[in-house]
1. Working carefully through the options I121, I103, find the one that is without any contact (Cβ under 8 Å) to a residue 60 or more places away in the chain, within 30 Å of N220 (Cα to Cα) and in contact with a strand residue (DSSP E or B) (Cβ under 7 Å, 6 or more places away or on another chain).
2. Filtering the stretch 352-394 down to residues that are among the polar types (S, T, N, Q) and out of contact with any Lys or Arg (no Cβ under 9 Å at 6 or more places or on another chain), which residue is modelled with the lowest pLDDT?
3. Among the residues that make up the stretch 80-94, is at least one of them out of contact with any Asp or Glu (no Cβ under 8 Å at 6 or more places or on another chain) and open to solvent by 50 Å² or more (accessible area, probe 1.4 Å)?
4. Are any of the residues in the stretch 42-61 assigned to a strand (DSSP E or B), within 26 Å of the chain's Cα centre (by Cα) and surrounded by fewer than 18 Cβ atoms within 10 Å (Cβ to Cβ)?
5. Look at S302 and say whether it is open to solvent by less than 10 Å² (accessible area, probe 1.4 Å) and in a loop (DSSP other than H, G, I, E, B).
6. Assigned to a loop (DSSP other than H, G, I, E, B) and either open to solvent by 20 Å² or more (accessible area, probe 1.4 Å) or in contact with a Leu (Cβ under 9 Å, 6 or more places away or on another chain) (or both): is that true of E282 in this structure?
7. Can you tell me how many residues in the stretch 137-158 are more than 38 Å from the chain's Cα centre (by Cα) and in contact (Cβ under 8 Å) with a residue 60 or more places away in the chain?
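The values are calculated or read from the model by the stated rules, or taken from the named source; none is laboratory data. Given the structure is predicted, the values throughout are model-derived calculations rather than measurements. Quick reminder, even Gly has a Cβ in these numbers, built from the backbone with ideal geometry, and neighbours come from all protein chains shown. All accessible areas refer to the heavy atoms of the entire protein, side chains included, with ligands and DNA or RNA removed. Shrake-Rupley method; radii C 1.70, N 1.55, O 1.52, S 1.80 Å.
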Amino acid sequence: MGCDRNCGLIAGAVIGAVLAVFGGILMPVGDMIIEKTIKREVVLEEGTTAFKNWVKTGTTVYRQFWIFDVQNPDDVAKNSSKIKVKQRGPYTYRVRYLAKENITQDPEDHTVSFVQPNGAIFEPSLSVGTEDDNFTVLNLAVAAAPHIYQNSFVQVVLNSLIKKSKSSMFQTRSLKELLWGYKDPFLSLVPYPISTTVGVFYPYNDTVDGVYKVFNGKDNISKVAIIESYKGKRNLSYWPSYCDMINGTDAASFPPFVEKSRTLRFFSSDICRSIYAVFGSEIDLKGIPVYRFVLPANAFASPLQNPDNHCFCTEKVISNNCTSYGVLDIGKCKEGKPVYISLPHFLHASPDVSEPIEGLHPNEDEHRTYLDVEPITGFTLQFAKRLQVNILVKPARKIEALKNLKRPYIVPILWLNETGTIGDEKAEMFKTQVTGKIKLLGMVEMALLGIGVVMFVAFMISYCACKSKNGK
């Protein structure tokens, strides 16, 4: 009977050891299964999870606008006073609701090309007013005229047209006009063919962005969704050839297995450049663990602090010989217009940039840009893209509307907050199909390993105790 009992204990210990070993073997095998499944499902080709959500996002995306309403236009134009602004908003539009078009796979270089149709639908219930609300803002055409046409004789001619059209440094425009375009009375008098429609985002509706060409990841998953080339409405050929404007993805997804140490690079045609985000914190998003990557202050630093920004310092006087920071000149891809981008309320900008403007209140939580990325798949499940559009206006002796200015201004026009969050139904589906299976497999691995170790130790203790007792 003692022998039978010993055999039972030995068998139990062996079973425990086998379970522990099996659990240990299952862990790398399970990891391999997960990795193989993820690599298969994130490839951008027909039939994968990634492709379905890539063609048309399942997330509702909103773009909110806050307009900087100028409170003292006459004082500024006559006395070159500080510009007092008051933000009004949000005015909300639904965007990115249209599916990608002209999708073409290239099996030779493992890329897929497409265009992204643009459209914006006003959402009254998410807005403080209507598209007919009026604002006092900088006159975009008048401010840009002496910047584009620097010849004195030409400016004299333009001045006569500005006066004839009764245009001035500031104007009153509705939200719809300011965003999407209006016929400018001054430009309408110019006697040679030019575009007479002006708007911060004109043209937008019924246009397309692209052609984009991205890697589909079929041959190399570490390149999936990374942009190979871009040819679109934003003419990047204005930039010097040494300026690498396109780097990374479109921010909707990144190559899988994202580590906290990785710098996520993404391209935005709205600002004509690539930019980057760094790890900030871990977040629980509807039960899904994600990494929050944030746009660092260094992204808008001066070229002295961040050499990547040397292409965006073109105006030596305005930038104090490229030492100012917090704003980037993107005029070269805006047909020469004096457009500058920044974070909202000049967050992280040098004091000389914001000093001429009153009424700004930069706030890190409200004005920073971030991406919440699920690290295993690389999918962006939540994001907030926040940017401010500014126009440079300078003194111009030949143009009466600007001749009293004693200094240049980088005038904030509006700032936007484009946001998207995975819906509750999609989140549950994601947890079921991805994170849930990974957690289950991990629990099985740990359970087998734990049970095996416990059984092995328990049976070995019992065996030793039994053997000691029999010895006596």
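1. Only one candidate passes the filter, namely I103.
2. Looking only at the stretch 352-394, we keep the residues that are among the polar types (S, T, N, Q), and these are 354, 363, 369, 377, 380, 382, 388, 390.
Among the residues that remain, those that are also out of contact with any Lys or Arg (no Cβ under 9 Å at 6 or more places or on another chain) are: 354, 363, 377, 380, 388, 390.
Numbers: S354: 95, N363: 96, T377: 91, T380: 95, Q388: 97, N390: 97.
Filtering first and then ranking leaves T377.
3. no
4. Yes, because at least one residue in the stretch 42-61 is assigned to a strand (DSSP E or B), within 26 Å of the chain's Cα centre (by Cα) and surrounded by fewer than 18 Cβ atoms within 10 Å (Cβ to Cβ).
5. On the way: open to solvent by less than 10 Å² (accessible area, probe 1.4 Å): yes; in a loop (DSSP other than H, G, I, E, B): yes.
Against the criterion (open to solvent by less than 10 Å² (accessible area, probe 1.4 Å) and in a loop (DSSP other than H, G, I, E, B)), S302 qualifies.
6. Considered against the rule, which asks whether it is assigned to a loop (DSSP other than H, G, I, E, B) and either open to solvent by 20 Å² or more (accessible area, probe 1.4 Å) or in contact with a Leu (Cβ under 9 Å, 6 or more places away or on another chain) (or both), E282 comes out as no.
7. Looking only at that region, the number is 4.
To keep it simple, each residue is scored yes or no on (1) open to solvent by 40 Å² or more (accessible area, probe 1.4 Å); (2) more than 30 Å from K39 (Cβ to Cβ).
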position	(1), (2)
S174	no, yes
L179	no, yes
L189	yes, yes
N205	yes, yes
G210	no, no
Y230	no, no
